[in-house]
Structure formats: C-alpha cells, structure tokens
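A.B. asks: Submitted below is the structure of interest, expressed as structure tokens.
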Amino acid sequence: MKKRNFMLSLLICSSVVISNSFPAFAYSTFNDHVFTGGVSNLTYSTEDDSVNSYIESTMKSAANSWNNTNCGVSLTETAKHGSANIIFYYDEDLTNAADDNAGVIAFTKFYLTNSKWVGGDSDNHSGPTSNWSKSHIIINPSVYNTLSTSVKTASLAHELGHAFGLAHSNDRTVLMYPSSARTVYTPQIDDTNGIIHLYGSRLTSSKSTNLSTPSTLNITDTTTSSAVTADETDFSYVATLEDCLKNYSDVNELTNDSNTIIQGEIQDKISSYDKSGIFTDVKIKVTNNLAGTLKAGDVISVRLRGGTIAGEDAKGFRMQIMKADGITSDNVSSDKITEVIDGSDNFNKGDSSLFFLNCVNNKYYVTGSHQGKFKLTNDSVQLHDKLKSKYGDLKKEDFIKDIKNAVLNKKEK
C-alpha cells in the first residue's frame, strides 16, 4: 500500500550512536492518531457476500495473525457489512490506473462514523489527519490475484496494521515494512510495540492485561535494520509512499506494465517535502523514445517518491516528529534531502537515464517506483539489485535491444 502520511522510520546503526533521548524502535505512526474506542473489540467484514470467495480465507488468516499477538488487538468477523469497524473492498473501480501500473496491492482509507473521510485515497494515499472510527481496506484485484496465498495474507495483515494506526517501517524484519517480496507474514514485536504505544492505556482485552503502558515500555537499544550499512555512523530517515509494490524480475515485465519508455538527460531536479512525504521532481529531456507518444526533444517532469534526510538535521527532524511539532522549512533545509535509488547512485543534472513510465492524466509515474528508472553510464546500464542477479553486467545497447524486443512482443499480443 502506498504511504499515507509523512511516514518516517528510524534506522538505528548501532547502540553506540543511540542516546537515551532517542528510543530504539522502528515502528511509525500517523502522528499518533488512533482508532476511536481502541482496537480490543473491533469487527470486520467484506463489502458484501459476493466477494467472500475471493478474500474470505486470507482475510480471516490476516485477522487471526493479529488476534494471536499479545498486544490487545481483538478482531471478530461479522455478517453485518455496513456496521463493521473495518470493511474489506475487492473492486477494480475503487483503484486507479496509477495503482495498477505501480503494482499496488491494497491501501487503507480512514473515516469518521458519519462517513466523513479523514485520510487515505487512491490518488495520494495520505494518512489520517485525525482519529477515526471506521477503516476501509481497498484491495486491487489485478495485482492481488497474481500473488501467492502467503503474500496475500501478509498484505492484508499489513493493511490491518495501517487501519489500527501504524505507518510504514523501514525495518525489513517487521510486518509494516512495505514490500510484496515478503519474508515476514505476521506481526512482529516491533509491530505490536507500536500498537501498545498507541493504545496501551486503553487496551482492555484479556490478552493485554500484562502489557506495559507506553510510558513504561522496555524496548531494547540495539534495534537494527538490514537497510543500514556498516559504514553509516549516524541516523538516517527514509520516507516511502509506495506500499506492497510489485517486484519486477525482468525487462519484459517492466515493459508490459509501462505505456511510455524513454531515454533522457536529467535537466534539473528539486527535492522537497510536505506532510505526505519526501519528493524529488526531476526534469527530463527526451533523447530517444522507445514506447509511447513522446519524441526526442520533449521535456517532461517526473516526481520521484521517497528520499532520505541524514545527519544532524535528521535528528532534529525526528525530534519534531516525535513531539508532533509539525514540519516546516525551519526544521530541515531542502538541500539536505536526497532521493532514493534502490541499489544504484542518485541522479544528477546531466546524467543519462532510462525510464519506464506510465502517463495518467498527463502526469508521468515511474513503473514500480524505483524499479522503473535506470542510470546509463558510458556503455553500461546501472541495474537495481533486483535485476542484477538475472542480467549481471549489462551493456547499454543490449539493454535497449531487449526493451525494443519486449515492446514488439507486447504489440503482437
């Protein structure tokens, strides 16, 4: 699911750099907004009986994965669809083209009892702006149906975490890490600690009788993330909006899911942030059109989602988030923001690049987030980690040849 708010997660490098003023945890919340009434007596249902055969078993398994934790969550299925606290929707009409093209499995919307929307939609997937009393989990069938049962279940459990108030984590070992290549299928200790942080004083379930309140939680000071490398000696924060993205293993898949493929030169880039996340707007001059209607010389803008804010500014930024003091240009200067390129270097002005894109309502989106953009250097192409295992060291001319063949195969289908 895509990130719903400015979802920042703490990547802690080692116990050496952790001070007492920085609790060691990876969970993140929507500014501590919560489900009104708590999570110890929630009901869930599908939108109607017609979709039960598609999601009934995975929905139940996802709910049970939370019921089996010791954090006080209690979910009960009800046949009264309209009155359920959490409703699962399985409907192509509730997702948009950008979701399909980005491989989004599901996202969560937040409502008050009077059906007033307070956050989460298929356009920007922002987080809730206040407490809520009802959540809708929107499942995208075109992607959901391609997944294994275990990943389907884990994805719905992940969305339930959002419905409870958990944002994304950047710890790959927890359920709230946004990925469809999951090795974690059930809530982990850090996920449940997040629930306790939000609802500790309000949990009434028998499962939570021995749990500490947020002010007395004992959390270890050695939390680590596989996303942190050994040479990092400071805090780093990553904001990621995409949720449960489809993982692309070859050029054919990227081509099939893209309506525009271009080579281009980076003309300019500007990084910024707001309450919904970190962005980098990249201006690209087209040098070669491989698919779509663009032509050489055209200039387009592509918004890259996600980024990092590192160093002392990041510490100050984290403190602002923890204190819920808001985010302004006084907290962190925009020149400290760097966009994230998975497994490769960041783009700079003048760089040669190749983008797999989708044009939706005259706006360009990168297919599969970071997976759909490549940096071209001399005669080679800089591949992401996910593609290196298949292609190894790939020459630029061979990469482009593979794309052209994939485009022809797509047209012939």
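A.B. asks: Conditions first: (1) touching a helix residue (DSSP H, G or I) at 6+ places or on another chain (Cβ under 9 Å); (2) under 28 Å from G72 (Cα atoms); (3) modelled with pLDDT of 50 or more. D257 passes all but one, so which condition is the exception?
C.D. replies: (2)
A.B. asks: Going through T149, T153, T173 one at a time, which residue ends up being at pLDDT 85 or above, hydroxyl-bearing (S, T, Y) and under 21 Å from H370 (Cβ atoms)?
C.D. replies: Being at pLDDT 85 or above, hydroxyl-bearing (S, T, Y) and under 21 Å from H370 (Cβ atoms) holds for just one of T149, T153, T173, which is T173.
A.B. asks: Check N52, N31 and return the single one that is assigned by TED's automatic domain parsing to the domain that holds A167, among the polar types (S, T, N, Q), assigned to a loop (DSSP other than H, G, I, E, B) and modelled with pLDDT under 90. Please lay out each step first, then the result.
C.D. replies: Numbers: N52 fails: assigned to a loop (DSSP other than H, G, I, E, B).
The conditions single out N31.
A.B. asks: Could you go through the range 319-330 and let me know if any residue there is among the acidic types (D, E), at pLDDT 80 or above and either part of a strand (DSSP E or B) or farther than 22 Å from G297 by Cβ (or both). Break it down stepwise before answering.
C.D. replies: Of the residues in the range 319-330, the ones among the acidic types (D, E) are 325, 330.
Now narrow it down to the ones that are at pLDDT 80 or above: none.
No, every residue in the range 319-330 fails to be among the acidic types (D, E), at pLDDT 80 or above and either part of a strand (DSSP E or B) or farther than 22 Å from G297 by Cβ (or both).
A.B. asks: Applying the selection to the range 56-66, what residues are within 24 Å of T192 (Cβ to Cβ) and either crowded, with 16+ Cβ neighbours inside 10 Å or among the charged types (D, E, K, R) (or both)?
C.D. replies: T58, M59, K60, S61, A62, A63, S65, W66
A.B. asks: Moving to a separate point now. Does the range 108-119 contain at least one residue that is modelled with pLDDT of 80 or more, assigned to a loop (DSSP other than H, G, I, E, B) and out of contact with any Lys or Arg (no Cβ under 6 Å at 6 or more places or on another chain)?
C.D. replies: no
A.B. asks: Which residues, counting only those in the range 193-212, are more than 29 Å from G368 (Cα to Cα) and either assigned to a helix (DSSP H, G or I) or modelled with pLDDT of 75 or more (or both)?
C.D. replies: Listed by number, the residues that qualify are N193, I195, I196, H197, L198, Y199, G200, S206, K207, S208.
A.B. asks: Right, here's the next one. Quick one: count up the residues across the range 367-413 that are in a helix (DSSP H, G or I) and among the aliphatic types (A, V, I, L, M).
C.D. replies: We begin by selecting, within the range 367-413, every residue in a helix (DSSP H, G or I); these are 369-372, 385-391, 396-412.
Then keep just the ones that are among the aliphatic types (A, V, I, L, M); that gives 387, 400, 403, 406-408.
So the answer is 6.
A.B. asks: Which residue, of N247, N252, N288, N346, is modelled with pLDDT of 55 or more and part of a strand (DSSP E or B)?
C.D. replies: Going through N247, N252, N288, N346 in turn, just one is modelled with pLDDT of 55 or more and part of a strand (DSSP E or B): N288.
A.B. asks: Could I ask something else about it? Run S21 past the list (1) among the small types (G, A, S); (2) outside the structural domain of S155 (by TED's automatic domain parsing); (3) modelled with pLDDT of 50 or more and report the number of the one that doesn't hold.
C.D. replies: (3)
A.B. asks: Test A310 against the stated conditions and say whether it is at pLDDT 90 or above and surrounded by 13 or more Cβ atoms within 10 Å (Cβ to Cβ).
C.D. replies: no
The values are calculated or read from the model by the stated rules, or taken from the named source; none is laboratory data. Quick caveat: nothing in here was measured; it's all calculated off a predicted structure. Note that we place each Cβ from the backbone using ideal geometry, even for glycine, and neighbour counts take in every protein chain shown.
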